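First up is the structure itself, then whatever we jot down about it.
Since every read-out is calculated from the coordinates, none of them should be taken as a lab result. Quick caveat, the model's predicted, so the values are computed rather than measured. Cβ sites come from the backbone with ideal geometry, for glycine too, and all protein chains shown count toward neighbours.
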Amino acid sequence: MAFTLPPLPYADDALEPDYSARIISFHYGKHHKTYVDNLNKLIAGTDLESTSLEEIIKLAAADPTKAGMFNNAAQIWNHTFFWNCMKPKGGGKPQGALAAQIDAAFGSYEKFAEQFKATAVGRFGSGWGWLVLEGGALKIVATPNAETPMTKGQVALLTVDVWEHAYYLDYQNRRPDFVQAFLDKLVNWDFVAANLA
Ligand SMILES: [Fe+2]
């Protein structure tokens, strides 16, 4: 059974003006879809056709001959996760138990945001900024290219895509402005809290 492009959790113009329908049309409609199409070609006719995406990511990560499969599978997962990390009228401070955990781990929301932004902006080249759970502790990490926390003993809680394709049409070279808008206007803290539960 082939993988399909998961539906966006909101309308393609729902994140305007902070993330435009135009960039969604390319980022979701072209880039994310291409990863799905590529993975389907790679697994066609193999026993991986009946394997879950997570299992494909884990087995491909452990096999250097399957780098192409890993890259496409992990990028499918990372992008689906990323779309769910945003919502219309999102962003700002989290509430409740999640806010308390972020305060405990980082000192305050402001310190969390500063570290998250610095880590995501500082990822040289293509990759992802993440809030993860590792060994019961909240951590901020960056991964290059398609790399994803699940192969590193970490549980993904929040991600921002910092590949240029994620922001160039709206923000050009201003990656810091994109990550700031992501934090201030787009983050879906309900999704993050659900990942932590
Ligand atoms: Fe992307």
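Identify all residues within the range 65-94 that are within 23 Å of Glu110 (Cβ to Cβ) and either among the polar types (S, T, N, Q) or out of contact with any strand residue (DSSP E or B) (no Cβ under 6 Å at 6 or more places or on another chain) (or both); write none if there are none.
Scanning the range 65-94 gives Met86, Lys87, Lys89, Gly92, Lys93, Pro94.
Could you list, in sequence order, the residues of the range 65-90 that are away from the ligand (no atom under 16 Å from the Cβ), among the small types (Gly, Ala, Ser) and over 18 Å from Tyr167 (Cα atoms)?
The answer is Ala67, Gly68.
Restricting attention to the range 127-176, report how many residues are among the basic types (Lys, Arg) and part of a loop (DSSP other than H, G, I, E, B).
Of the residues in that region, 1 qualify.
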